[in-house]
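Below: one structure, written as structure tokens.
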Amino acid sequence: MKLATMRDGTRDGRLVIVSRDLSRFVEAGDDIPTMQAAMDDWDDVAPMLEARYARLNEGSVQSEVFDQQKCLSPLPRAYQWADGSAYVNHVELVRKARGAVLPDSFWTEPLMYQGGSDTFLAPTENIELADTAWGIDFEAEVAVITGDVKPGTSTDDAEKSIRLFMLVNDVSLRALIPAELGKGFGFFQSKPSSAFSPVAVTVDELGEAWKDGKVNLPMLVTYNDQAFGKAEAGVDMTFNFPTLVAHAAKTRPLGAGAIIGSGTISNKLDGGAGKAISAGGVGYSCIAEIRMIETIESGSASTPFMQFGDTVRIEMNDADGNSIFGVIDQKVEKYNG
């Protein structure tokens, strides 16, 4: 099943059901007005939504043309947004670039931070920021939306709690991160609003790509109309999604509609750092990673972070080349208050 949230002039939009090929949609209905309402009562409403989805794909129900430009993020705001760092290769490069050693614990326990969830960007909304000196970067990730999760849940139960999958652009301000982390209290100003894919999908839409708690498909990133990344989301993922959800719920419950992210997708190449697509590699899911590799190899980074007018496109296709989630397509623009 594929679900989206359409703009309707309210903060939370209205929930719609989208056809498998992303061409048509129908209203979810007055009884399920928003995505959060669906999450709150998932066991009861999911069968009704699935039935409407089946009729939509059969063409047996009146529908409308689906326009991704009219979508908000599936959850325009959420009670919880916790982003992991499941690809330890990415973390290892960050530390290596500044001459630091990766602690052994990073391979056995996930890193995770609690992000701001009150104002997510729409998937085609401009990234408006005041200053490019902040080091504007994108991060292409996969995320899940959970139902209610009990504290101390097992990984098996954590997997059963996963309701939907989305893509993420976790916008980061790299130049602000060191000072914030140096205070020992985590990210805040360096992590502005994230954007999510137009469509969220149930696990059956992933088919054989969902294996071992991972989405085994390439994450396609286009930066300023050039292929930038096609890293495999199921490769080099040290901590799978059930592990990330269980980690987030170790000491606290997660409420229905909690979003848990994978962190930046990052692949190694022949046991070492990745390479650009033009050099025979799978590229990168953020600018910071190529800058880390440049620093390690030559002593300094040469690739700039995003400037005003730069664009990023993030998507994921199935084995037949069909878009699963729709497209995150954003431009950086100057915020003038």
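The values are calculated or read from the model by the stated rules, or taken from the named source; none is laboratory data. Given the structure is predicted, the values throughout are model-derived calculations rather than measurements. Every residue, glycine as well, gets a Cβ built from its backbone with ideal geometry; the counts of neighbours run over all protein chains shown. Side chains included, ligands, DNA and RNA excluded: accessible areas come from the protein's heavy atoms. Shrake-Rupley method; radii C 1.70, N 1.55, O 1.52, S 1.80 Å.
Compute the FRET efficiency between N322 and E109 as 1/(1 + (r/R0)^6), taking r as their Cβ-Cβ distance and R0 = 30 Å, and round to the nearest 0.05. Kindly include the intermediate steps, with their values, before the conclusion.
Numbers: r = 37 Å, r/R0 = 1.22.
Efficiency at R0 = 30 Å is approximately 0.25.
Tally Lys/Arg at +1 and Asp/Glu at -1 over every other residue whose Cβ is under 10 Å from the Cβ of L167; what's the total?
-2
So what are the ³J(HN,Hα) numbers for the range 151-166, from phi and the Karplus equation (6.51, -1.76, 1.60; θ = phi - 60°), rounded to whole Hz, Gly and Pro as x?
For the range 151-166, the Karplus curve yields x, x, 5, 7, 5, 4, 5, 4, 5, 5, 7, 6, 9, 9, 10, 9 Hz.
Karplus couplings for the range 178-185 from phi (6.51 cos²θ - 1.76 cosθ + 1.60, θ = phi - 60°), rounded to Hz, Gly and Pro as x?
x, 5, 5, 5, x, 7, x, 10
What size of dipole, in debye to the nearest 20, comes out for the chain about its Cα centre when the only charges are +1 on Lys and Arg C-beta atoms and -1 on Asp and Glu C-beta atoms?
740 debye
Dipole of the chain (Lys/Arg Cβ +1, Asp/Glu Cβ -1, origin at the Cα centre): which of S300, M48, G29 lies farthest to the positive side?
Looking along the dipole axis, the top candidate is S300.
Per 0.36 nm of contour for each residue apart, how much would the distance between A179 and K211 grow if the chain were fully extended, relative to their Cα-Cα spacing?
Details: separation 32, 0.36 × 32 = 11.52 nm, distance 3.86 nm.
Residue separation times 0.36 nm, minus the Cα-Cα distance, leaves 7.7 nm.
For a 24 Å ceiling on Cα separation, which of these pairs sit above it: K2/K211; K70/K150; K96/K183?
Violating the 24 Å limit, Cα to Cα: K70/K150.
With springs connecting C-alpha atoms under 10 Å apart, model the chain as a Gaussian network and identify which of I162, I277, I259 has the largest mean-square fluctuation.
I277
Given H placed on each backbone N at 1.01 Å, which residues far from F228 in sequence or on other chains put an amide H within less than 5 Å of it?
Distant-sequence amide H within range of F228: V221, T222, Y223.
Would you pull out the residues with amide H under 5 Å of L164's amide H, same chain only if 5 or more places away, H placed 1.01 Å from N?
Under 5 Å from the amide H of L164 lie the amide H atoms of I145, each far enough along the sequence or on another chain.
Name the long-range amide H neighbours of W210: under 5 Å, sequence gap of 5 or more, or other chain; modelled H, no Pro or chain starts.
Sorted by chain and number, the residues that satisfy this are N216.
Could you check which residue among S154, S300, S197 shows the biggest mean-square fluctuation in a GNM of the chain with a 10 Å Cα cutoff?
Among S154, S300, S197, the largest GNM mean-square fluctuation belongs to S300.
List the aspartates and glutamates whose Cα sits under 16 Å from the Cα of K191, skipping any in the same chain fewer than 8 residues away.
Partners found: D83, D118, E128, D131, D137, E139, E141, D170, E180.
For the chain, modelled as a Gaussian network with Cα springs under 10 Å, which listed residue fluctuates most, F196, F120, F185?
Maximum among the listed residues: F185.
With a Förster radius of 45 Å, plug the Cβ-Cβ distance of K334 and A100 into 1/(1 + (r/R0)^6) and report the FRET value to the nearest 0.05.
Working: r = 34 Å, r/R0 = 0.75.
After rounding, the FRET efficiency stands at 0.85.
T222: accessible area at probe 1.4 Å, nearest 10 Å²?
Here the accessible area works out near 40 Å².
Go through the range 223-228 residue by residue and turn each phi into a ³J(HN,Hα) via Karplus (6.51, -1.76, 1.60, θ = phi - 60°); whole Hz please, and just put x for glycine and proline.
Residue by residue, the range 223-228 yields 10, 6, 6, 10, 4, 10 Hz.
Which value in deg cm²/dmol, rounded to the nearest 500, describes the helix-derived mean residue ellipticity at 222 nm for the chain, given -39,500 (n - 2.57) per DSSP H run of n ≥ 4 and division by the residue count?
One gets -5500 deg cm²/dmol as the mean residue ellipticity at 222 nm.
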